[in-house]
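Please read the structure below before turning to the comments.
The values are calculated or read from the model by the stated rules, or taken from the named source; none is laboratory data. Just so you know, these numbers come straight off a predicted model, no measurement behind them. Counting neighbours? That spans all protein chains shown, and the Cβs are built from the backbone with ideal geometry, glycine included. Note: areas computed on protein heavy atoms with side chains; ligands, DNA, RNA excluded. Shrake-Rupley method; radii C 1.70, N 1.55, O 1.52, S 1.80 Å.
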Amino acid sequence: MATIKVRQNGPYLVEGDDVTVVDWNGSTYQIAKRPFALCRCGGSTNKPFCDGTHSKIGFQAAEAAIGPDAADKPAT
């Protein structure tokens, strides 16, 4: 089972052994270590993986994850 944690103003942290990252062409990425982080800021030079650029560019996430019973909140 995999768990994806949304880090505040950071990447998606992916934990678990049964995870495959696949690009739009169906090619799989080699995952060097686990857990691993996926870029959320768009600035990584190692996409789709995080390289820490979010902290250098001051990435601010639009909103936190909300539960299924919560009303949608617009990005601020």
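Given points 7 Å out from each Cα along the Cα-Cβ axis, report the Ala32 to Glu63 separation in nanometres with one decimal.
Each label point lies 7 Å from its Cα, and together they span 3.6 nm.
Taking only DSSP H segments of four or more residues, each worth -39500 (n - 2.57), what value at 222 nm results for the chain once the sum is divided by all its residues, to the nearest 500 deg cm²/dmol?
-1500 deg cm²/dmol
Run the accessible area of segment 1-66 with a 1.4 Å probe and give the carbon-and-sulfur part as a rounded percent.
Here carbon and sulfur together make up 49 percent of the probe-accessible area.
So how much slack lies between Ser55 and Ala2, counting 0.36 nm per residue of separation and subtracting their Cα-Cα distance, in nm?
Details: separation 53, 0.36 × 53 = 19.08 nm, distance 2.53 nm.
Using 0.36 nm per residue and subtracting the Cα-Cα distance, I get 16.6 nm.
Among (1) 12.1, 42; (2) 11.6, 38; (3) 13.9, 38, which one is Rg and Dmax of the Cα atoms in Å computed from these coordinates?
Read-out from the structure maps to (3).
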